[in-house]
1. Through the Karplus equation 6.51 cos²θ - 1.76 cosθ + 1.60, θ set to phi - 60°, convert the phi angles of the range 2-14 into ³J(HN,Hα) values in whole Hz; use x for Gly and Pro.
2. Among 140, 128, 150, whose Cα projects farthest towards the positive end of the dipole of the range 89-171, with charges put on the beta-carbon of Lys, Arg (+1) and Asp, Glu (-1)?
3. Over the Cα atoms of the chain, how large are the radius of gyration and the largest Cα-Cα distance (Dmax), in Å?
4. Name the most mobile residue of 98, 148, 73, meaning the one with the largest mean-square fluctuation, in a Gaussian network model of the chain with Cα contacts below 10 Å.
5. Where does each of 166-174, 88-96 land if you order them by average Cβ count within 10 Å, highest first?
6. Give me the three principal axis extents of the range 4-45 from the C-alpha atoms, as integers in angstrom, largest value leading.
7. Could you work out the longest stretch of the chain that avoids the GluC sites (Glu not before Pro) located in DSSP loops with at most 16 other Cβ atoms within 10 Å?
8. Mind listing the long-range amide H neighbours of residue 170? Cut-off is under 5 Å, sequence gap 5 or more, other chains count too, H placed in the peptide plane at 1.01 Å from N.
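The values are calculated or read from the model by the stated rules, or taken from the named source; none is laboratory data. Since this is a predicted model, take the numbers as computed values, not measurements. All Cβ positions, even for glycine, are placed from backbone atoms using ideal geometry, and neighbour counts span all protein chains on display. Remember, those area values only see protein heavy atoms, side chains included, never the ligands or the DNA or RNA. Shrake-Rupley method; radii C 1.70, N 1.55, O 1.52, S 1.80 Å.
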Amino acid sequence: MKFNTINRDTWDRKEYFEHYLQQQTTFSLTNEINITILMKNLKKKHYKLYPAFIFMVTKIVNAHREFRINFNSEGNLGYWTEICPLYTIFDNKSHTFSGIWSPNLTIFSEFHSKYENDAERYNGTRRLFPKKPIPDNTIPISMIPWSSFTAFNLNINNGGDFLLPIITGGKYSQVNDELFLPVSIQMHHAICDGYHASVFINDLQKLADESEDWI
C-alpha cells in the first residue's frame with residue numbers, strides 16, 4: 001500500500017474541504033439495492049451474500065479516489081492507493097461482534113475463501129479487534145441482518161478527522177418476486193457530496209446486476 005499526500009494549497013476541493021471540515025459535517029444516504037440477480041448467481045455456486053457485499057463495496061471504493069482519502073497516522077491528508085475491508089462478524093453465543101480485516105483480493109472466489117477462513121478463526125473471541133495488526137488502509141463495512149431499515153446513521157465524535165466512508169447493509173426483503181437490500185453509506189462532506197454518494201449506490205447496483213461476470 002502507498003499513501004499519496006494531497007497538496008491542500010493547490011487542491012481543487014480546498015474551499016469545500018476546509019469549510020466542511022471546520023463544521024465537521026457528515027451525511028448519510030440510504031437506498032435499496034435490487035439483489036435478485038445477485039442472489040441467483042450466488043446460490044448457483046453456494047456462495048454467501050455478506051462476503052459478496054464486502055467484495056462489491058471494496059471494489060467500488062478502490063475504483064474511486066474520493067473514497068480512499070483520509071488523514072494518515074502523521075496527520076497528513078492524502079489517499080491510499082489501495083483499501084482493504086474491515087468488516088464485522090457476529091458471535092451468536094455472546095451476541096457481540098468483532099471487527100476483522102482481509103486483504104483486497106480482486107477474484108471473488110479467493111476473497112470468499114479468505115473471508116470464511118478468517119470468520120471461522122476469529123469468531124467467538126469476544127474481542128473487538130482480534131486480528132492484528134490492523135492496516136491503516138481499511139474501510140469499515142458491516143451488516144445488520146436481523147432488521148431492514150430506511151435510514152441509518154452513525155454519530156462519531158472523533159474531532160471530525162475520519163474521512164473515509166462507512167457502509168452498512170441490512171436485512172433484505174422480498175417485494176413480489178424481487179429481493180431488495182437496504183444499504184447506507186455515511187460520508188464526510190469535506191471529501192464527498194451527494195454526487196459521490198450516488199456514484200457509490202449506482203455502482204453497487206451495477207455490480208449486483210452484472211454479478212455473473214465476477215462470481
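1. 9, 10, 9, 6, 9, 7, 5, 5, 10, 6, 6, 9, 3
2. Final value for the positive-end residue is 128.
3. 17.3, 53
4. It is 73.
5. 166-174, 88-96
6. Result, largest extent first: 52, 24, 13 Å.
7. 83-209
8. Under 5 Å from the amide H of residue 170: 144.
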